[in-house]
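Each value in this text was obtained by applying a stated rule to the coordinates, not by laboratory testing. Only a predicted model underlies this, so the values are computations on that prediction, with no experimental measurement involved. Glycine also receives a Cβ, built like all others from the backbone with ideal geometry; neighbour counts cover every protein chain displayed.
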Amino acid sequence: MSELTDKANFMSKGKILSEKCLWTDAIQCFDKILKTDPNNAEALYQKACVLSKTGEPKGALKCLDKILILFPNHINALCEKGIVLDMLGLRQEAITFFDKSLKINPQHVNSLLQISRILLEQGSTTTNSFRFLKLALSIDPTNSFGLSQLRTHVIYLRNFDEAFAIVENALKTDPKNPQVLATAEFLVFRKNSQKN
């Protein structure tokens with residue numbers, strides 16, 4: 001097998017293991033790539049994601065910083081660094097990295113959703129938060145994280161008409177998506193309970 005094939009196999013296996021929450025095994029796959037190619041941005045990024053999910057933000061930041069030195073416009077690394085900084089309680093710094101990723105791609109769904117989440121959690125700019133969420137869901141209507149945020153926004157804003165329009169768009173995209181159907185049911189329930 002060639003080194004290129006080995007890397008592809010380890011990357012594929014690492015991603016599958018990560019999806020199955022087999023973190024240690026996933027990291028071993030990414031480390032095998034990094035042993036022969038220490039500047040492999042995708043392996044560093046995947047490892048950083050696993051480290052952030054397993055509560056090792058400093059290790060994740062080390063990987064992300066290395067990527068961003070080599071590739072300052074690596075949009076996913078910028079976004080993930082924002083997520084990790086937010087985990088560490090550094091909200092303003094986190095937003096700075098989400099903003100950087102949005103300057104590269106104004107339609108980067110994960111960055112839009114992360115900014116929306118932070119603004120919603122801060123509570124002072126719920127309408128502004130909804131603007132970011134709406135844009136993200138117009139790009140990726142069936143995004144499960146976005147749909148989850150939509151349900152939360154409805155509780156605070158009671159903006160049922162806008163929420164229903166978003167869910168209608170999602171239903172056109174994927175009418176059998178369980179997240180979309182659950183969100184539609186939730187909206188109907190919330191709207192009916194507001195009347196009572």
Next item on the list: Counting residues in the range 65-190 as N, plug N into 2.2 N^0.38 Å and put the Cα Rg over that result.
Entry: 1.10
Check: Can you give me the relative contact order of the chain as a percent, contacts being Cα pairs under 8 Å and 6 or more apart?
Finding: 10 percent
Checklist line | Computed E for W23/S144 - FRET, C-beta separation, R0 25 angstrom, nearest 0.05 | finding: 0.75
Note to self: Angle check, please: helix 57-70 long axis (alpha carbons) against the longest principal axis of the chain (alpha carbons), in degrees 0 to 90, nearest 10.
What the structure shows: 70 degrees
Notebook entry, point to check: Which shape class applies to the range 54-112: rounded if a/c is under 1.5, otherwise prolate when a/b exceeds b/c and oblate if not, where a ≥ b ≥ c are the square roots of the Cα gyration tensor eigenvalues?
Noted result: oblate
Notebook entry, point to check: At a Förster radius of 22 Å, what calculated FRET efficiency corresponds to the Cβ-Cβ distance of I155 and A182, to the nearest 0.05?
Noted result: 0.90
Notebook entry, point to check: Along the positive direction of the dipole of the chain (beta-carbon charges: Lys, Arg +1; Asp, Glu -1; about the Cα centre), which of L68, Q92, A41 reaches farthest?
Noted result: Q92
Item checked: Acute angle (nearest 10 degrees) that the helix 23-36 long axis makes with the longest principal axis of the chain, alpha-carbon atoms -> 50 degrees
Notebook entry, point to check: With each label point set 7 Å from Cα along the Cα-Cβ vector, what nm distance links A8 and R190?
Noted result: 4.5 nm
Check: Using only helices, what value at 222 nm comes out for the chain when you add -39,500 (n - 2.57) per DSSP H run of length 4 or more and divide by the total residues, to the nearest 500 deg cm²/dmol?
Finding: -26500 deg cm²/dmol
Notebook entry, point to check: If the convex hull of the alpha-carbon atoms of the range 1-104 is projected onto planes in all directions, what is the mean projected area in square nanometres?
Noted result: 6.4 nm²
Item checked: Gain in span if fully extended, K35 to E121, counting 0.36 nm per residue against the direct Cα distance -> 27.0 nm
Next item on the list: Multiply the residue gap between L90 and E168 by 0.36 nm, knock off their C-alpha separation, and tell me the result in nm, one decimal place.
Entry: 24.5 nm
Note to self: With angles folded into 0 to 90 degrees, how steeply does helix 178-195 sit against the dominant principal axis of the chain? Use alpha carbons for both and round to 10.
What the structure shows: 30 degrees
Check: Cross-link list K32/K103; K81/K134; K7/K134; K35/K100; K13/K172; K53/K134: which exceed 28 angstrom alpha carbon to alpha carbon?
Finding: K32/K103; K7/K134; K35/K100; K13/K172
Item checked: Test item: Cα-centred dipole of the chain, Lys/Arg +1 and Asp/Glu -1 on Cβ, debye -> 320 debye
Checklist line | In nm, spacing of pseudo-spin labels at K53 and N105 (7 Å Cα→C-beta vector) | finding: 1.9 nm
